[in-house]
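Notes follow once the structure below has been shown.
The values are calculated or read from the model by the stated rules, or taken from the named source; none is laboratory data. Small disclaimer: the values here were computed from a predicted structure and weren't measured. Reconstructed Cβ throughout: ideal geometry from the backbone, glycine too, with neighbour counts over all protein chains shown.
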């Protein structure tokens, strides 16, 4: 790490009129990594130079985006690929100061709300009915039908705050709570819809969290696919991986930015998708 005086000297050159000098300085600062972000943010607050402030904003964004990419790569290469951690990394693309512990605390609080209604001898359907009651009636989580394609639907922190989300964000909250309860509930990656499965050894049923936890069957999925004129595939009826869930979040986010005309963000999300070979 450079000394404070050396950093000051570098940062002061960010608004240099010589483009080559400016690029050299940017490369030097980017090479210092995310550790330099607090210094850059402080310099932004202290500056009254709009040109320098814009250069600092762009540089901080580039460093933060580099951190998101590195975290996502590390998550993909990890053994357990914890879902909440993956969604937190995605969340930091829009909200870089968000701490993983904040999301963990929010999910734990929801778990406690549901757990107080649970008993050890409950049948599967009764367990789901309690989950549905607490999440959709008591806490008022619901589908964001008015702003279905909003980027906020792919930001777990915003969904937890607003209690409105798209199918996959609501399903993710549902299954994260179910996991803490020890329930065999997993995500199912359907075309045009994301749902859940309560998977038992010889049977099971499906849950639509976007429709207040309504329960349906394998035949209903077949009918849904028939309406879409899509041939049934085994993956449409079985649990998907956490990687598949994060990928779908990213694709939804890309679509949201595309509809808003934010081409720079579409390109950045594409970079994140490429980490998974998409």
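Somewhere in the stretch 66-85, is a residue touching a helix residue (DSSP H, G or I) at 6+ places or on another chain (Cβ under 8 Å) and modelled with pLDDT under 95? Yes, there is a match, as at least one residue in the stretch 66-85 is touching a helix residue (DSSP H, G or I) at 6+ places or on another chain (Cβ under 8 Å) and modelled with pLDDT under 95. If you check every pair at least six apart or on different chains, which have Cβ atoms under 6 Å apart with a residue in the stretch 151-163 that is not assigned by TED's automatic domain parsing to the domain that holds residue 132 first and a residue that is modelled with pLDDT under 95 and assigned to a helix (DSSP H, G or I) second? Here the result reads none, with nothing in the stretch 151-163 linked to a residue that is modelled with pLDDT under 95 and assigned to a helix (DSSP H, G or I).
Residues in the stretch 137-152 that are crowded, with 17+ Cβ neighbours inside 10 Å and assigned to a helix (DSSP H, G or I): 151, 152.
Could you please let me know if residue 212 is at pLDDT 95 or above and within 25 Å of residue 89 (Cβ to Cβ)?
Working: at pLDDT 95 or above: yes; within 25 Å of residue 89 (Cβ to Cβ): no.
Spelling it out, it is not the case that residue 212 is at pLDDT 95 or above and within 25 Å of residue 89 (Cβ to Cβ).
Those helices (runs of 4 or more DSSP H) of the stretch 75-136 in which at least 1 residues are in the same structural domain as residue 162 (by TED's automatic domain parsing) and more than 20 Å from residue 157 (Cα to Cα), considering only elements entirely within it, cover 100-115, 124-132. Taken as a whole, the structure places residue 229 among residues that are in a loop (DSSP other than H, G, I, E, B) and farther than 19 Å from residue 125 by Cβ.
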